[in-house]
Amino acid sequence: MVGIDKLKTKIIQKKAKIAVIGLGYVGLPLACLFADAGFSVVGIDLDKQRIKKVNQGLSPIAGKEPGLDDLVKRVVTSGKLNTGDDYAYLKDVDVVLIAVQTPIKKSHQPDYGALKVVLSSLGPVLKDGSLIIVESTLSPGTMQNFVLPILEKYSAKRQGVDFYLGHCPERVMPGKLLMKLRNMPRVVGGRNPQISDVMVALYKHIVVGDLDVTDWITAELVKTTENAYRDVQIAFANEVAIICEKLGGNVWKVRELINKIPERNMLLPGAGVGGHCIPKDPWLLYSSAVEANATPRLINAAREVNDGMPMHVLDMLENAQAEIGRALKESRVLVLGYTYLENSDDTRNSPSALLVKGLQEKGVHVIIHDPYVHAYQGDVYELASDTDAIILMTAHEEYSAIVLPRLAKNMRTKVLIDGRNCFNKEEANSVGFRYKKIGMGD
Ligand code: SAJ
């Protein structure tokens, strides 16, 4: 491990050359922060358009990302960040950070296709004494059983002797990428304490949050579990919402009164759970648990509840239309919100996509609006004219400014389904809407 002390010194002195593979929501801000800290950084991505945009000093990530546009411009102009698609750039790189997607297959098994390509391309150019850190979310056991063997095979080098390997799972959130990257505590899982120590020296340059040293399996467990935990919490809120609808209760009032108890924190029910983390990380944990014969039940049940919410919203629409004697088929429905999260442009695993598919399969003519998605921008009031129903799926701040009487004015029939508690029942009823809100009985 002789070289590791030299590497640590180079990192402390910011003389270490850094590479970030994968310039998405995680990799781009990561590369920029290290470049802004004074390191020479090379960013690698397969997407030539993305590379071109970054090399022009522009961020390819749309949506509100405070500080990111200026940061990209600054580090590219200063020459501290260069991007390309050729792994040959990595030959003299001392630290490689891997931030590529680790989605799940239809079978809910991990899909490590992108990660495998990166590891097998990196292996042959790996520099002696370099530190490789995987930031992608991994199912527990992946570092030991997948990343390590592939890197050793393609590099013909040995971990701990010729290179060092760590896992530091990303903790970002679209809309707050830089803030989260700088302030969230990070779990630093080196293969051994000495490697973790070098990883801490690296992340100290860009992270003010705690850097908690641990091992590979713990880092993998923390990341997948923190999101499985959130998914189960959301599923519980959704289950209570459905119970309230059936019992004539109001989940929003129930939740408000429960959360008055200091140690309670019931999350928000809603029209579904999307994004790049929550819908898939539970399955990463689940797949390892099943493989280890741990027979998990809550994790998969929560996924089923949350994935069922868009169809629950569709049922609410069908019931509302039936109450006014209108069939779903041939009706015109406006869906408000296509991104998975409010005030973000991110549409990955969007619950709205599931809803739209379900509506179209029932012969509904669907119109989509979303101020953050270029294809779906437009005037909400104009889009609402001649429609039979409106479904609110994403709580964009723009929607809380909607004037309900104006929205209702030119609708053919006035049905409003509120999937995110954005509107007021009394007000909606007063302008003639047949109004239904997630979690509220009639
Ligand atoms: N959602 C609900 N009810 C809630 C919270 C969220 O229905 O109470 C829905 C959202 O509408 C969205 C989905 O769940 O469709 C995910 O929302 P999220 O707030 O969890 O946002 P994400 O997907 O960006 O989650 C990320 C995660 N961070 C990382 O994986 C590093 C998550 O662990 C964080 O808790 C979350 O950001 C955050 O709170 O910052």
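The values are calculated or read from the model by the stated rules, or taken from the named source; none is laboratory data. Note that the coordinates shown come from a computational prediction; the quantities given were computed from them, not determined experimentally. For neighbour counting, all protein chains shown are included, and Cβ atoms are generated from backbone atoms with ideal geometry for every residue, glycine included.
Summary table
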| read-out | value |
| --- | --- |
| Qualifying positions in the range 304-321 - touching a Leu at 6+ places or on another chain (Cβ under 8 Å) and either within 16 Å of the ligand (Cβ to nearest atom) or under 12 Å from Gly358 (Cβ atoms) (or both) | Asp307, Pro310, Met311, Val313, Leu314, Leu317, Glu318 |
| In the range 62-93, the residues that are part of a loop (DSSP other than H, G, I, E, B), surrounded by fewer than 21 Cβ atoms within 10 Å (Cβ to Cβ) and in contact (Cβ under 8 Å) with a residue 60 or more places away in the chain | Ala62, Gly63, Lys64, Pro66, Gly67, Asp92 |
| Residues of the range 413-425 classified as loosely packed, with under 14 Cβ neighbours inside 10 Å and either more than 20 Å from Gly270 (Cα to Cα) or in contact with an Asp or Glu (Cβ under 7 Å, 6 or more places away or on another chain) (or both), total | 0 |
| Pair list, Cβ under 7 Å, 6 or more apart: the range 394-409 residue within 13 Å of Cys422 (Cβ to Cβ), other residue part of a helix (DSSP H, G or I) and within 16 Å of the ligand (Cβ to nearest atom) | Thr394/Ser352 |
| Matching residues in the range 136-156 - criterion: being polar (S, T, N, Q), buried (at least 19 other Cβ atoms within 10 Å of the Cβ) and either modelled with pLDDT under 95 or away from the ligand (no atom under 16 Å from the Cβ) (or both) | Thr142, Ser155 |
| Qualifying residue in the range 296-318 (condition: modelled with pLDDT under 95 and crowded, with 20+ Cβ neighbours inside 10 Å) | no |
| Those residues of the range 322-352 which are among the β-branched types (Val, Ile, Thr) and within 16 Å of the ligand (Cβ to nearest atom), in sequence order | Val335, Thr339, Thr347 |
| Among (1) surrounded by fewer than 21 Cβ atoms within 10 Å (Cβ to Cβ); (2) within 25 Å of the chain's Cα centre (by Cα), the one test that Ile324 misses | (2) |
| Out of Thr102, Thr142, sole residue that is touching a His at 6+ places or on another chain (Cβ under 9 Å) and closer than 27 Å to Val290 by Cβ | Thr142 |
| Residue list for the range 419-442, filter: of a type in the set (D, E, K, R), at pLDDT 95 or above and away from the ligand (no atom under 16 Å from the Cβ) | Lys425, Glu426, Glu427, Arg434, Lys436 |
